[in-house]
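Asks: Following this message is one structure expressed as structure tokens.
The values are calculated or read from the model by the stated rules, or taken from the named source; none is laboratory data. Keep in mind it's a predicted model, so treat the numbers as computed, not measured. Note that we place each Cβ from the backbone using ideal geometry, even for glycine, and neighbour counts take in every protein chain shown. With ligands, DNA and RNA removed, areas are computed over all heavy atoms of the protein, side chains included. Shrake-Rupley method; radii C 1.70, N 1.55, O 1.52, S 1.80 Å.
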Amino acid sequence: MLTAKNTFTGVLQGVADVGLSCAPYEPGRFPLVSINDLAGLYTTSKQASLSITDVILANKDKMNELREFHVVGAFGMDPGYIMTIKKYETLASLKGAEIRTPGGPQTLQALGITEVAMPQSEVAQALQTGVLDGIYTSRDLLLDGKYAEKTKHLLNYPLGSITFLAVMSKAKYDSLPANVQQAIDELVIPFAEKGW
């Protein structure tokens, strides 16, 4: 119905009642939420998920970037790692390598790596055809995305998490009966506790 890059806009336009997407896929749309994705903040997805959920719940009326949305849930991935086709010994040796990133804080660029923004749905083919030297994502995708078949090397240095948001438009949420709103709101913390 919607692609990874237009989910949030589609929810606001009423194409879907609820949407879930990676916040960095729409660069600049969620600058405060993106702080959650900085390197070195978390060691688990549960930490990242509970942290961003706490921030959103405590500040949802103050966060201009969320003013049109009702957040149904938020979660962060486990920290991302750099996984490559050929072996790199250090972060410095990756200078100029083309690595897929979901977006967000420009951690890879700060390390001299060429960031290639692309959704997960395009990664396998890009690795297969040599468009990418590697990827920056959580280790679970080595198996789930079958990336281990191509990316045989992992730089064992955790970088940042990636935040996902499940949202409704405020207008859609406000149109729901109070008991339905309550049921939705009661799931926000369990959603975060489950993490990625």
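Rundown of residues vs (1) at pLDDT 95 or above; (2) of a type outside the set (S, T, N, Q); (3) surrounded by fewer than 17 Cβ atoms within 10 Å (Cβ to Cβ), yes/no style:
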{"position": "6", "(1), (2), (3)": "no, no, yes"}
{"position": "21", "(1), (2), (3)": "no, no, no"}
{"position": "25", "(1), (2), (3)": "no, yes, no"}
{"position": "40", "(1), (2), (3)": "no, yes, yes"}
{"position": "48", "(1), (2), (3)": "no, yes, no"}
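Asks: Of all residues being closer than 22 Å to residue 32 by Cβ and not in a helix (DSSP H, G or I) in segment 178-196, which is least open to solvent (accessible area, probe 1.4 Å)? Just the residue, please.
Replies: 195
Asks: I'm trying to understand the selection: among the residues of segment 158-177, which are among the polar types (S, T, N, Q), over 25 Å from residue 92 (Cα atoms) and assigned to a loop (DSSP other than H, G, I, E, B)?
Replies: Scanning segment 158-177 gives a single hit, 175.
Asks: Suppose we keep only residues that are farther than 14 Å from residue 23 by Cβ and touching a helix residue (DSSP H, G or I) at 6+ places or on another chain (Cβ under 9 Å) within segment 52-61. Which one would you say is surrounded by the fewest Cβ atoms within 10 Å (Cβ to Cβ)?
Replies: Among those that are farther than 14 Å from residue 23 by Cβ and touching a helix residue (DSSP H, G or I) at 6+ places or on another chain (Cβ under 9 Å), it is 59.
Asks: Restricting to segment 46-80, give me the number of residues that are under 13 Å from the mean Cα position of the chain (by Cα) and within 10 Å of residue 163 (Cβ to Cβ).
Replies: Total meeting the criteria: 7.
Asks: Sticking with this one: Would you check if residue 123 is farther than 24 Å from residue 65 by Cβ and either under 20 Å from the mean Cα position of the chain (by Cα) or aromatic (Phe, Trp, Tyr) (or both)?
Replies: The answer is yes for residue 123.
Asks: If I ask for residues that are within 15 Å of residue 86 (Cβ to Cβ), touching a strand residue (DSSP E or B) at 6+ places or on another chain (Cβ under 7 Å) and either free of Cβ contacts under 8 Å to residues at least 40 places away in the same chain or not in a helix (DSSP H, G or I) (or both), which ones from segment 127-157 would you list?
Replies: Within segment 127-157, 132, 133, 134, 135, 151, 153, 154, 155 meet the criteria.
Asks: Can you pull out the strands (runs of 3 or more DSSP E) entirely within segment 1-112 that have at least 3 residues that are touching a residue at least 60 places away in the same chain (Cβ under 8 Å) and in contact with a Gly (Cβ under 7 Å, 6 or more places away or on another chain)?
Replies: Once the strands (runs of 3 or more DSSP E) in segment 1-112 are filtered for at least 3 residues that are touching a residue at least 60 places away in the same chain (Cβ under 8 Å) and in contact with a Gly (Cβ under 7 Å, 6 or more places away or on another chain), what remains is 81-84.
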